[in-house]
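Asks: First the structure, which I've put down as structure tokens, then a few questions once you've had a look.
The values are calculated or read from the model by the stated rules, or taken from the named source; none is laboratory data. Only a predicted model underlies this, so the values are computations on that prediction, with no experimental measurement involved. With ideal geometry, Cβ positions are generated from the backbone for all residues, glycine too; neighbour counts draw on all protein chains shown. Heavy atoms of the whole protein, side chains included, go into the accessibility calculation; ligands, DNA and RNA do not. Shrake-Rupley method; radii C 1.70, N 1.55, O 1.52, S 1.80 Å.
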Amino acid sequence: MKTIAVLTSGGDAPGMNAAVRAVVRTACENGIRVLGVVRGYNGLINGDFVEMDLRSVSDIINRGGTILYSARSTEFATEEGMRKAIRTCREYGIEGVVVIGGDGSFRGARDLSERGIPCVGIPGTIDNDIACCDYTIGYDTCLNTIMEMVDRIRDTSESHDRCSVIEVMGRHAGYLALNSGIACGATAILIPEVDFDIEKHVIERMKKTQRTDKKHFIIVVAEGVGVDVKKLAEEIQAKTGVESRATVLGHTQRGGYPTAKDRIMATRMGNYAVKLLMKDIGNRVVAAQKEEVLDFDIFEALNMKKSIDMELYNVAHEVSI
Ligand code: F6P
């Protein structure tokens, strides 16, 4: 393989830059030319490339976001868009593509691979919702960011004997909510994977702890459950008498410098992805399981199901009382 491309797609995640750096450096060290694709699959369609070399990825290992920019391309989802992308790859001599992103990005990588452009996916999303991986790039940083912000909210919540209802990201997944809830000692955690009843899981739990003299509360709600946290705070105040406030952490969760874990795993995965392409192996997703880096067929990876660890969920609720 003489020329490969690397792109970041979907929601950006801290550590994506570390993965781009590892891809570029591994390729350059092995005599492969690398084109950085600007703004995800849109860049692949339009030929929006930057020539990458060893120095073009200097000083990015510590930076959040993605220097290649990211997008969710609607054009690439069409047959015409896909054809244009393939034409561009042929025109620029691109023989393999590393795609850093989530499930949606991997579907594009699978389709390109099926049409003769070998692609390797690297899981990059704060949601940690990729079935073949127990960890995705950005998740660790995001979790720590949430923890830090909830700790800050806790200081003021405690000072006023209040209840803080906090919405965290996770479009369809509760991993961020469950684990940040544990790390911050939330009295209740609402996630999309587990059915809940506000009365039983929030109000009654709060009343029970009130009887043990607890006066301030943290309730963590995953974005994916679709609960309006402001309304929930009002309901809590009305039913428990505890003054309540709602906070939506929003996009502050997605930025910031990546943790050591995200930098290390992103570096290992970026290196691994190029090694696959060097062996002419495409249509694979690089995965992390129990700190090991391995790979799966993209089609199989997309059909896997990921479930929430119910033991962890139960521990959270047994301890935070
Ligand atoms: O997939 C990552 C994620 O941050 C989700 O948690 C969230 O629902 C979504 O992206 C937000 O996307 P956008 O930045 O397009 O609003």
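Asks: How big, in percent, is the set of alpha carbon pairs in the chain lying more than 31 Å apart? Walk me through the numbers before you get to the answer.
Replies: Details: 18363 of 51360 pairs.
Every Cα pair in the chain considered, those over 31 Å come to 36 percent.
Asks: On to the next question. For the chain, modelled as a GNM with alpha-carbon contacts under 10 angstrom, which of CYS132, CYS89, CYS28 fluctuates the most?
Replies: In this elastic network of the chain, the residue with the biggest mean-square fluctuation among CYS132, CYS89, CYS28 is CYS28.
Asks: Separate question: Pop out the Kirkwood hydrodynamic radius of the range 195-241 from its pairwise C-alpha distances, inverse of mean 1/r, in Å to one decimal. Mind dumping the intermediate values first?
Replies: Values: mean 1/r = 0.0882 Å⁻¹.
After inverting the pairwise mean of 1/r, the radius is 11.3 Å.
Asks: If you don't mind, another one. So, with a 1.4 angstrom probe, what is the percent of accessible area on the chain that is carbon and sulfur? Please list the in-between numbers first.
Replies: On the way: 6690 of 14080 Å².
Of the solvent-accessible surface of the chain, carbon and sulfur hold 47 percent.
Asks: Still on this structure, please answer the following. What accessible area per residue, rounded to a whole number of Å², is obtained for the range 75-211 using a probe radius of 1.4 Å?
Replies: Numbers: 5270 Å² over 137 residues.
With all protein chains present, the range 75-211 gives 38 Å² per residue.
Asks: If you don't mind, another one. Using a 10 angstrom cutoff on alpha carbons, build the Gaussian network for the chain and name the most mobile of ALA246, ALA173, ALA19.
Replies: ALA246
Asks: How big is the Kirkwood radius of the range 71-116, worked out from every pair of different alpha carbons and given in Å to one decimal? Working shown, then result.
Replies: On the way: mean 1/r = 0.0914 Å⁻¹.
Every distinct Cα pair counted, the radius reaches 10.9 Å.
Asks: Counting only helical runs of four or more DSSP H residues, what would the 222 nm mean residue ellipticity of the chain come to if each run contributes -39,500 (n - 2.57) and the total is spread over all its residues?
Replies: Working: 11 runs with 130 residues, N = 321.
After summing the helix terms and dividing by the residues of the chain, the value is -12500 deg cm²/dmol.
Asks: How compact is the range 98-150 by the rule of thumb for globular proteins, expressed as Cα Rg over 2.2 N^0.38 Å?
Replies: Details: Rg = 13.5 Å, N = 53, 2.2 N^0.38 = 9.9 Å.
Dividing the Cα Rg of the range 98-150 by 2.2 N^0.38 Å gives 1.36.
Asks: Shifting gears a bit: What FRET efficiency comes out for the pair LYS207/GLU148, r = Cβ-Cβ distance, R0 = 41 Å, nearest 0.05?
Replies: Values: r = 30 Å, r/R0 = 0.72.
Step by step, r from the Cβ atoms, then E = 0.90.
Asks: Moving to a separate point now. Remind me, what semi-axes does the range 23-83 give for its equivalent ellipsoid, largest first in whole Å, using sqrt of 5 times each Cα gyration tensor eigenvalue? Provide the component values of the computation, followed by the final result.
Replies: Values: eigenvalues 121, 43, 12 Å².
Equivalent ellipsoid semi-axes, largest first: 25, 15, 8 Å.
Asks: In whole percent, what relative contact order does the chain give with Cα contacts below 8 Å and a gap of six or more residues?
Replies: 23 percent
Asks: Any idea what diffusion coefficient the range 90-224 gets from Stokes-Einstein, in µm²/s, Kirkwood Rh on alpha carbon pairs, 37 °C, 0.692 mPa s?
Replies: Approximately 193 µm²/s, per Stokes-Einstein.
Asks: Could you tell me the convex hull volume per residue, in Å³, taken over the Cα atoms of the range 225-295? Don't jump to the answer; show the numbers that get you there.
Replies: Numbers: hull volume 11.8 nm³, N = 71.
Normalising the Cα hull of the range 225-295 by residue number yields 167 Å³.
Asks: Next question, about the same structure. How large are Rg and Dmax for the range 1-151 when calculated on the C-alpha trace, in angstrom?
Replies: My reading of the Cα-based Rg and Dmax gives 15.1, 52 Å.
Asks: Another question, then. Taking N as the number of residues in the range 168-321, what value does Rg over Cα atoms divided by 2.2 N^0.38 Å take? Walk me through the numbers before you get to the answer.
Replies: On the way: Rg = 19.6 Å, N = 154, 2.2 N^0.38 = 14.9 Å.
With N residues counted in the range 168-321, Rg over 2.2 N^0.38 Å equals 1.32.
Asks: Here's a follow-up. Can you pick out the pairs among LYS230/LYS306; LYS2/LYS275; LYS200/LYS230; LYS2/LYS279; LYS230/LYS305 whose Cα atoms lie more than 23 Å from each other? Spell out each step's value before the answer.
Replies: On the way: LYS230/LYS306 30 Å; LYS2/LYS275 13 Å; LYS200/LYS230 19 Å; LYS2/LYS279 12 Å; LYS230/LYS305 32 Å.
Table pairs above 23 Å Cα-Cα are LYS230/LYS306; LYS230/LYS305.
Asks: In terms of Cα to Cα distance under 18 Å, which lysines are near enough to LYS261, apart from those fewer than 8 places away along the same chain?
Replies: LYS290
Asks: Per residue, how much accessible area does the range 12-56 have with a 1.4 Å probe, in Å²? Could you put the intermediate results ahead of the total?
Replies: Working: 1570 Å² over 45 residues.
So the range 12-56 comes to 35 Å² accessible per residue, rounded to a whole number.
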